[in-house]
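Remarks on the structure that follows.
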Amino acid sequence: MHESYDSYNLTPAQAERQLLAEVAKTALGRELLHYLKQQGVEIVVTEDVPPVMGTGVVAGGGYMPSEKKIYLDPRAGTDRLLHFFAHETRHVAQMETEMRRNFSAAAFEPHGHLFAVRLMEMDADAFAVYFIYNHARETRSDIFDNLSRNANWRETPDSLEADRAPLYNAFYGAWARSGGADDAGAMKAAALAWLDNEQLVDAYNESAVMGWRKGAWQGLLNHADNAESPFAKAFAEAVRAPHDVVGLFIDRAADFSSLFSDIGVPDYLDEDALAGFAVKVMDGQAKVAEPALTELRRAADDFATAAAHYMGMSDATKSPKVAARKASRGAAA
């Protein structure tokens, strides 16, 4: 018999112990805990979750790569705490994958950054729904059913904790239509339902644009006066090539879809359909609305100015005068 637990009236330390015990009830949960241990990532249950990407927005959970810590807010309640555990663990795996990706100007371009954030969040939520489904199946708990009800999500005050019940219902609908035989199709249905969730999309659009200012833009500013820095050289070279945002998105989607497939998680995006899926994500249901749209346009203009600046720096270092000065300094030495 599954024993339920309640994180609403527990201290953060008590909620953390009970969360870890609940996660460890399934084989997938134990594999994820082992993965986090391998990566050196600590789970911290606290009411002081750091703001998302330096934007000032606080959510029910967050992964801080620089600290190697997953933060989870116990006030989200039992069921959502499990969802956010899976969501943030997926972010750990996504970011480990991103660290191995080749340098690309498309990743710095504001639209590329926004779509990358959208993909990461969509994928993390689709994975979390699958994790809860797997947990409910193995433990015979009612957590999946609970999270299928809108009221459970509407209790959350934070702007990034929008109603995710439609994701659960989309997953179950696709799963039921397949006779319980297509977990991958159900996971994809949850991902597409994420794109139809205007509250989620709008919140993460705004978060992505603010995050671009804090991250990519700040990086461009930091190296703008140093043409000899490895970053400046790499960016100047990369920005000369077409900014293949769609190609970058397709590569990321393929990588993310197959995360944890070695431990039985469905590879839920068909390789042959990735291009069409990319178009649906970028140009279909998930439009950019105000105020994020205005900020995105400003960011695109600033990026274009930065790109021209870096290419100009690169051209200057290749000029005959610069080469002569370098040769003169070398002779003097």
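The values are calculated or read from the model by the stated rules, or taken from the named source; none is laboratory data. Remember, it's a predicted structure, so these values are computed and weren't measured experimentally. In this analysis, Cβ positions are derived from the backbone assuming ideal geometry, glycine residues included, and neighbour counts consider all displayed protein chains.
Checking the condition under 21 Å from Gln218 (Cβ atoms) and in contact (Cβ under 8 Å) with a residue 12 or more places away in the chain, which residue from Phe144, Phe115 passes?
Details: Phe144 fails: under 21 Å from Gln218 (Cβ atoms).
Step by step, each of Phe144, Phe115 is checked, and only Phe115 is under 21 Å from Gln218 (Cβ atoms) and in contact (Cβ under 8 Å) with a residue 12 or more places away in the chain.
One residue alone among Asp123, Asp73 is modelled with pLDDT under 90, within 22 Å of Leu33 (Cα to Cα) and buried (at least 21 other Cβ atoms within 10 Å of the Cβ), and that residue is Asp73.
Applying the criterion of at least 2 residues that are over 18 Å from the mean Cα position of the chain (by Cα) and either of a type in the set (Lys, Arg) or more than 18 Å from Met122 (Cα to Cα) (or both) to the helices (runs of 4 or more DSSP H) found wholly in the stretch 219-300 leaves 230-238. The lone criterion from (1) closer than 20 Å to Leu167 by Cβ; (2) part of a strand (DSSP E or B) left unmet by Ala86 is number (2). Return the residue satisfying two criteria in turn: it lies in the stretch 87-112 and is in contact (Cβ under 8 Å) with a residue 40 or more places away in the chain and hydrophobic (A, V, I, L, M, F, W, C), and of such residues it is nearest to Lys69 (Cα to Cα). Selected residue: Val92. So, Ala184, is that one within 13 Å of Met122 (Cα to Cα) and touching a residue at least 24 places away in the same chain (Cβ under 8 Å) or not? So Ala184 does not fit the description; no.
Among helices (runs of 4 or more DSSP H) entirely within the stretch 148-214, having at least 1 residues that are modelled with pLDDT of 90 or more and surrounded by 19 or more Cβ atoms within 10 Å (Cβ to Cβ) singles out 165-177, 183-195, 198-212. Contact map, the stretch 12-41: residues that are farther than 19 Å from His91 by Cβ paired with residues that are of a type in the set (Val, Ile, Thr) and surrounded by 19 or more Cβ atoms within 10 Å (Cβ to Cβ), Cβ distance under 6 Å, separation 6+ or inter-chain. Pairs shown: Pro12/Val45; Ala15/Val45.
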